[in-house]
1. Could you tell me which label, among (i) 237; (ii) 80; (iii) 130, carries the value of volume of the Cα convex hull per residue in Å³ calculated for this structure?
2. Hey, got a sec? Which trypsin sites (Lys or Arg not before Pro) in segment 10-49 land in a DSSP loop and have at most 10 other Cβ atoms within 10 Å?
3. List the lysines whose Cα sits under 19 Å from the Cα of residue 15, skipping any in the same chain fewer than 8 residues away.
Amino acid sequence: MAKLTADQIKDALVKVPDWQRDGPAIRRTYANKDFNAAIKFVNAVAKAADAEDHHPDIEIQWNKVTLRLTTHSDSGLTEKDFALAAKFDHLFK
């Protein structure tokens with residue numbers, strides 16, 4: 001998959017407005033009801049990530065889950081990252 005240009009990244013971020021650029025990655029923090037809800041969400045994220053064979057970095061802080069996506073094999077952001085970000089957003093709603 002081809003690494004996106006700065007303009008392509010800017011356009012793609014419009015489609016996932018809760019995500020922010022974080023160097024060569026994008027990230028978002030989801031606030032859940034409590035720790036159990038956060039773990040349930042992480043499990044859903046893991047299942048979706050495995051299905052796409054594309055995995056985020058995950059940080060859990062009690063009820064907060066921060067996901068960070070980048071395409072390591074391409075050393076930056078690709079369409080794959082934004083497609084998966086949108087899937088994660090759908091899982092959270």
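1. Given (i) 237; (ii) 80; (iii) 130, the calculated one carries the label (ii).
2. Numbers: sites: 10, 15, 21, 27, 28, 33, 40, 47; in loops: 33.
Hits after loop and neighbour filter: 33.
3. Here the lysines satisfying the reach criterion relative to residue 15 are 3, 80, 87, 93.
Throughout, read-outs are computed from the coordinates displayed, never taken from laboratory work. What you see is a predicted model; the values in this text were computed from it and never measured. Cβ coordinates were reconstructed from backbone atoms using ideal geometry, including for glycine residues, and neighbour counts include every protein chain displayed.
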